[in-house]
């Protein structure tokens, strides 16, 4: 049961939050390594926040303006 849950849970969580299951699994594993069982829940939350921040920055052109500055 535990093995099935480990493979199915990231897919279900990934579908609901709009992130690929492999990234959800990586976030869960990283969170677990940093802060234990609570990190299993915190990891995907941090991933969602980062995805939204960088998505908004890309939409607004902030990242493009940082890397394509004209210093003349």
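The values are calculated or read from the model by the stated rules, or taken from the named source; none is laboratory data. As the structure is a computational prediction, the values presented were derived from the model and not from experiment. Methodologically, a virtual Cβ is constructed for each residue, glycine included, from the backbone with ideal geometry; neighbour enumeration extends over all protein chains shown.
Do the conditions hold for residue 38, that is, is it surrounded by 11 or more Cβ atoms within 10 Å (Cβ to Cβ), at pLDDT 80 or above and over 14 Å from the mean Cα position of the chain (by Cα)?
Details: surrounded by 11 or more Cβ atoms within 10 Å (Cβ to Cβ): yes; at pLDDT 80 or above: yes; over 14 Å from the mean Cα position of the chain (by Cα): yes.
Judged against the criteria, residue 38 is a match.
Please specify each residue of the stretch 15-35 satisfying the condition of being surrounded by fewer than 11 Cβ atoms within 10 Å (Cβ to Cβ) and at pLDDT 80 or above. Break it down stepwise before answering.
As a first pass, look at the stretch 15-35 and keep what is surrounded by fewer than 11 Cβ atoms within 10 Å (Cβ to Cβ): 16, 18, 33.
33, the sole residue that qualifies.
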